[in-house]
Each structure stands twice: as structure tokens, then as C-alpha cells.
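K.L.:
Just passing along the structure, written as C-alpha cells.
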Amino acid sequence: MVKRKFVKQALSHWMNGAGPDSDVVISSRVRIARNIRNLPFPMMAAPDQSLSVMEQLLGVAENGRLNGLGKIEQVRLIELTELEKLVLVEKHLISPNLASESRNGALILSPNEEISVMINEEDHLRIQCLCSGFQVHEAWDSASKIDDIFEEQVDYAFDEKHGYLTSCPTNVGTGIRASVMMHLPALVMTGQINRILSAVTQVGLAVRGLYGEGSEATGNLFQVSNQITLGQSEQEIIENLFQVARQMIEHEKSARSKLVTESRLRVEDRVRRSYGILTQAVIMDSKEASQRLSDIRLGVHLGLLPEVNGQALNELLVSTQPGFLQMAFGEAMSPEDRDRSRAELIRSRLATVS
Amino acid sequence: MQCQECGKRPATLHFTKIVNGDKAELHICESCARDKGELIPGTSAGFSIHNLLSGLLDFESPNPNPLAKPTAVKCDTCGMTYAQFSKIGRFGCSHCYKQFSDRLDPLLKRVHGNTVHVGKVPKRAGGRLKTKREIDRLKKEMQGRIEREDFETAAQLRDRIRELEKEMSG
């Protein structure tokens, strides 16, 4: 099978590093969960029912209603290999759940990969908009427009009291999950992070690592998202997240400028050591890679490493993941091969951007 | 570092779990992780939101009906029982919300602090609700006008409310 661009290429629109506040915010994401009236949720659906859900929802794309997005891709999950699914998870275009557990799962993808629509995940329909930088309002607007298009064609499970009905009661009501992925190295270095994260969790937001639920915060990357989906309007949810993230961005920025004024040499030393290691190392495990890349990212934004550009760093976040490495260097690798390939990839990427 | 599970292959996946302040680190190799279902990040077999939910769901219903057998509550449409729901933390179909409604509100209150949706309404299916919300909004505004003794506007609002109410019952 000819590999399509969305699995072959690591770079996705959300990684372009050109969005607002992209020195701190990697990406902003909004996901909306919807279900079709009178059909059991995917977990309880019989095969013919989930098939009809898939056909009905792909049909919306087929009759041209999503043409505003450009030339969209439609993919049935059974057409993909395990490795290709893993790659899509690593690019944040599908969820781990869709990749590993769905029956009759499918994906609709916009050409720049900003919009991805998952079919037969935990809910029948999950609309995701993933934007570069700090753009939560914009992400909500785009996702909501796609929602309106589906609603013209599909009868949603909606209840006057409980709102949009979802399989998991943690999503009921608005069905919205909005999140901001932030790089907060200065808050970690100055030891302020725990205080800030515990404050954040007290205002109804959750903090997770790069790969969402259950993943550890590596490389100083933190994903902040709303927890409450019922009893607040989408505007309130988005605004709350926006305001809290805004404050975190400001704290990170002031911690960075304090670092530069008070301990410039130490920071510069740390950044350049990591740069030295990444441009020379022959074996690189994923934990060390994410730590070192975090140092380099900080260095770039403090103006200490003019030879590296930010977009390459975002791309490396994804292309150094296990699935991508296997894709790029040939399938079925041992962990040792992978650490060697990772080191090779990082060396070559950092060399070409300088 | 060797894998803690098999002790043969090098550990490539590192987890830190913190439970009640006790930190536990886990270093395992890919193949053992696959056995544990942890190959794809995020699908960790460990603690998930659903585990947390099922913990919350073990609470008794606040007004237990002495005549009803609690475990026998079952959704007529998809066949899911309340016991199943409290185990997996997910509903089987949209009718479950109606079937289990008496137990649901205390749960929603704990999770969201609320039980009533106030956000977006679907254009086609939500017509009635939109009108209802509009009436509520107009009533509030009318009250405000009356307090400010702007009776002319209040009367206009009253007429508009009547129109909408007529529309809804018609």
C-alpha cells in the first residue's frame, strides 16, 4: 500500500510553531463528543450497528458538506497497520482508544490535519480541532462549525436536562474537552511548578503529560484541560481555560526572564551541553531525548541558540516517538536499534536547521 | 537498566505512580509492557478515569427504595445493568441516562458540581429548549424592567413571552 502523507510525514500543521505565544504553548486542542440518537454507544453496539454509524457519518463527508475544509482524507481503521495507527496516535490525530479498541472505527482528516473526526471511538463521533500555539477560542469555533455540519445530517442524542449524551458521564452536557499543551521549563527549574499545578487543579482543570490521560509529563510539557463539561457553557469552559493558561504563560515568561538575568551563564551552559550531546550522541533513549530537547527549546526561545529553529523541535517531538522511528528506519526494531536511530535522526535534523 | 518484569531485556518504558504520596517507579521493557497492554501511550492498564468513576459509583443511591433490588436495575434498550455501569463507568446507550436517572444526579453533582446542561443546543433537535431558554431570559429581563419601573418595555416583553409560550404549546 502506498503510504499516504498523514502517516509518512511527521510534520503536521499544529507543529508549525507559528501560532500565538508559541514560545510557551505548543498547541491548543478542542474535542467535542457526540452520539447518534437511538443507537447504542460504540461499546455496546452490534457489528451491524457500528457499521451503520460509520457509513452514516462518513456519508456526511461524502456528500461534500465538509468541502470547506479542502480535500479531506477518509480512512477506515481496518485499512491501517498497527504501526500506522501508532503513528497517528503519536501525531495526536487519533486517540489510543480508537487505535486499539474500536470496532468499525474511522477517521476523517482535513488536509492540514487541523481537523480530525473520529468515528466509533468511545462515542459515535468525536470532532477534534488541533491548532498551533495558543488558540483555544479559534479551536472551539472551528470544531463547533464542523459539529453544526454533522448536526444538519445526523440526529444527535440530546436531552433537555443533560445536554449531549455521551458514553462516559464525565463528558456529558457540552461533550467538550479543551486543552493547551505548554512547555514550562523555567517553572520546573525554579521549583514553582508544583504550586502552580496544584492551584490549577483546584479550579476544575486537569494537568497531564504529552500523550494525555495516564501519561507522565516528560520534557517539561504539560497539558492543561477542563474537567467539567456539564453546567457551564462552552464559552465559559473555554474562557476559564484561556484565563488560567494565560496566567501560566505569564508566570513561565517571567520565570524565564528572571533565569536569564540572574543565572544566564548556568542556563546557557545547560542549554549548550544538551545541544552538544544531541548533536554528537550515538545512542539516545526517549526520556533523555525529551529532556535535552526541552533544554534546546528553552535555549531557542531565550535567544541562546540562534542556529536552531522552533519548528524542527516540534517535529522532533513526534518523529522521535517509537512508531515514527520504526516508520522512518524500517519496521520491527529492537529498543537498542530505536535508541540508535533516534540519535541519528536528531543529529541530522539539528544539523540541517543550523 | 534491566526490565523489572522479565529481568532479561533492557527497560525502555518508565512509569512513575504516586498513590497517597507514595511514589513507585516502574521500569519495564517493551515486550512486558505489551503484555500489560501499555504499548500505546495513554492506554495504560493502570489507573484511568473510568477506574476513578467506578469508585465514585459505588455509593448508595441517596433515597434507596426498599422494594427495589438495586442490582436488578437494567436499561430496557441496551440491556446494561447498573452493576455493569458502575464497574466500567460508561453507559451503553443514551436511554441509560433515563433508566438510571435517580442514581445519576448525585454522581453528576460529584463529577461536575452540576446536573443541568446550559451550553450549546442542536439547531434541529433542540428547538423547544432554545425557546424555553429564550422565555427564561425574557422573564428575567422583564423582572428587571419592572423593578426599574420601565413598564412600557416590560409589557412588550410580556407579550413576546406569551407569543413564545403559545408557540411551544402549539
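The values are calculated or read from the model by the stated rules, or taken from the named source; none is laboratory data. Quick caveat, the model's predicted, so the values are computed rather than measured. For neighbour counting, all protein chains shown are included, and Cβ atoms are generated from backbone atoms with ideal geometry for every residue, glycine included. SASA here: full protein model, heavy atoms, side chains in, ligands and nucleic acids out. Shrake-Rupley method; radii C 1.70, N 1.55, O 1.52, S 1.80 Å.
K.L.:
For the protein assembly as shown, evaluate the Debye formula with one uniform point scatterer on each Cα (no solvent term) and list log10 I(q)/I(0) at q = 0.07, 0.10 Å⁻¹, rounded to two decimals.
P.N.:
The calculated log intensity ratios at q = 0.07, 0.10 Å⁻¹ are -0.44, -0.87.
K.L.:
Looking at A:S290, A:L305, A:Y275, which one has the Cα that reaches farthest to the positive end of the dipole of the range A:263-352 (charges on Cβ: Lys, Arg +1; Asp, Glu -1)?
P.N.:
Farthest along the dipole direction, towards plus: A:L305.
K.L.:
Further question: Could you work out the equivalent-ellipsoid semi-axes for the range A:297-354, taking the square root of 5 times each eigenvalue of the Cα gyration tensor, largest first, in whole Å?
P.N.:
Its equivalent ellipsoid spans semi-axes of 25, 10, 9 Å.
K.L.:
Roughly how many percent of the accessible protein surface of the range A:1-71 is carbon and sulfur, given a 1.4 Å probe and a whole-percent answer?
P.N.:
Carbon and sulfur atoms account for 52 percent of the accessible area of the range A:1-71.
K.L.:
With label points built 7 Å along Cα→Cβ from the Cα atoms of B:I146 and A:Q74, find their separation and express it in nm.
P.N.:
Once both label points are built, they end up 5.5 nm from each other.
K.L.:
Enter the mean projected area of the convex hull around the alpha-carbon atoms of the range A:123-215, in nm², rounded to one decimal.
P.N.:
With every direction weighted equally, the projected area is 7.7 nm².
K.L.:
Give me P(r) over the range A:128-284, computed from all C-alpha to C-alpha distances, binned every 10 Å, as integer percentages.
P.N.:
P(r) over the range A:128-284, rounded to whole percents: 9, 31, 30, 17, 9, 4, 0.
K.L.:
Return an integer: the convex hull volume of the alpha-carbon atoms of the range B:125-168, in Å³ per residue.
P.N.:
41 Å³
K.L.:
Would you kindly state how much longer the chain becomes between A:E101 and A:N63 on full extension, computed as 0.36 nm times their sequence separation minus their alpha carbon distance, in nm to one decimal?
P.N.:
Gain on stretching A:E101 to A:N63: 10.9 nm.
K.L.:
Cα to Cα, under 18 Å, and not fewer than 8 places away if on the same chain: which lysines meet these conditions relative to A:K5?
P.N.:
Excluding near neighbours in sequence, the set is A:K71, A:K85, A:K91.
K.L.:
Can you tell me the dipole magnitude for chain A around its Cα centre, using point charges on the Cβ only (Lys, Arg +1; Asp, Glu -1), in Debye to the nearest 20?
P.N.:
1120 debye
K.L.:
Using a Förster radius of 35 Å, what is the FRET efficiency between B:K132 and A:Q247 based on their Cβ-Cβ separation? Nearest 0.05, please.
P.N.:
Plugging the Cβ-Cβ distance into 1/(1 + (r/R0)^6) gives 0.45.
K.L.:
Nearest 10 degrees is fine. How inclined is helix A:310-319 to the longest principal axis of chain A, computing both from alpha carbons?
P.N.:
Compared with the principal axis, the helix lies near 60 degrees.
K.L.:
Per residue, how big is the convex hull of the range A:273-321 when only Cα atoms are used? Give it in Å³.
P.N.:
Looking at the range A:273-321, the number lands at 68 Å³ per residue.
K.L.:
For the range A:1-40, give the magnitude of the charge dipole about the Cα centre (Cβ charges: +1 Lys/Arg, -1 Asp/Glu; no others), in debye to the nearest 20.
P.N.:
In total the dipole reaches around 460 debye.
K.L.:
How much length, in nm to one decimal, is gained on full extension between A:K287 and A:E239, taken as 0.36 nm per residue of separation minus their Cα-Cα distance? Intermediate values should be presented prior to the final figure.
P.N.:
Numbers: separation 48, 0.36 × 48 = 17.28 nm, distance 3.37 nm.
Gain on extension, A:K287 to A:E239, equals 13.9 nm.
K.L.:
How about A:K161: which lysines have a C-alpha closer than 17 Å to its C-alpha, ignoring those fewer than 8 places off in the same chain?
P.N.:
Of all the lysines, those that pass the test against A:K161 - Cα under 17 Å, at least 8 places apart if same chain - are B:K98, B:K109, B:K120, B:K123, B:K130, B:K132.
K.L.:
Also, quick follow-up: Can you spot the aspartates and glutamates whose alpha carbon is less than 12 Å from B:K139's alpha carbon? Ignore those fewer than 8 places along the same chain.
P.N.:
Excluding near neighbours in sequence, the set is B:D159, B:E165.
K.L.:
Report P(r) for the range A:260-347: all Cα-Cα distances, bin width 10 Å, range 0 to the bin holding the largest distance, values in whole percent.
P.N.:
Per 10 Å bin, starting at zero, the Cα-Cα P(r) for the range A:260-347 comes out as 18, 48, 25, 8, 1 percent.
K.L.:
Next up: Hey, can you rank B:141-154, A:106-119 by average C-beta count inside 10 Å, highest first?
P.N.:
A:106-119, B:141-154
K.L.:
If the label point is 7 Å along Cα→Cβ of A:V203, which residues in the range A:251-268 have backbone nitrogen under 12 Å from it?
P.N.:
Answer for the range A:251-268: A:251.
K.L.:
Hey, what angle do you get for helix A:234-280 against the long axis of chain A, alpha-carbon based, 0 to 90 degrees rounded to 10?
P.N.:
Computed tilt is about 30 degrees.
K.L.:
Taking the alpha carbon gyration tensor of the range A:204-287, what are the square roots of 5 times its eigenvalues, largest first, to the nearest whole Å?
P.N.:
For the range A:204-287, the semi-axes come out at 34, 20, 7 Å.
K.L.:
Quick one: which of A:267-273, A:226-232, B:84-90 comes out on top by average Cβ neighbours within 10 Å, and what's the full order, highest first?
P.N.:
The peptides rank, most packed first, as A:226-232, B:84-90, A:267-273.
K.L.:
Pull out the extension gain between A:S348 and A:R272, defined as 0.36 nm times the separation in residues minus the alpha carbon to alpha carbon distance; nm, one decimal.
P.N.:
25.6 nm
K.L.:
Another question about this same structure. Per residue and in cubic angstrom, what volume does the convex hull of the Cα atoms of the range A:1-121 have? Don't skip to the answer; put the middle values down first.
P.N.:
Numbers: hull volume 15.0 nm³, N = 121.
For the range A:1-121, the hull spanned by Cα atoms encloses 124 Å³ per residue.
K.L.:
Obtain the nm distance between the two label points defined at B:L164 and A:L83 by a simple spin-label model: each point lies 7 Å from its Cα along the Cα-to-C-beta direction.
P.N.:
Result: 5.9 nm between the two label points.
K.L.:
Over all pairs of distinct alpha carbons, what does the Kirkwood formula give as the hydrodynamic radius of the range A:233-275, in Å?
P.N.:
About 12.4 Å for the range A:233-275.
K.L.:
On to the next question. So how tilted is helix A:136-153 from the main axis of chain A? Cα-based, degrees 0 to 90, rounded to 10.
P.N.:
Roughly 20 degrees, rounded to the nearest 10.
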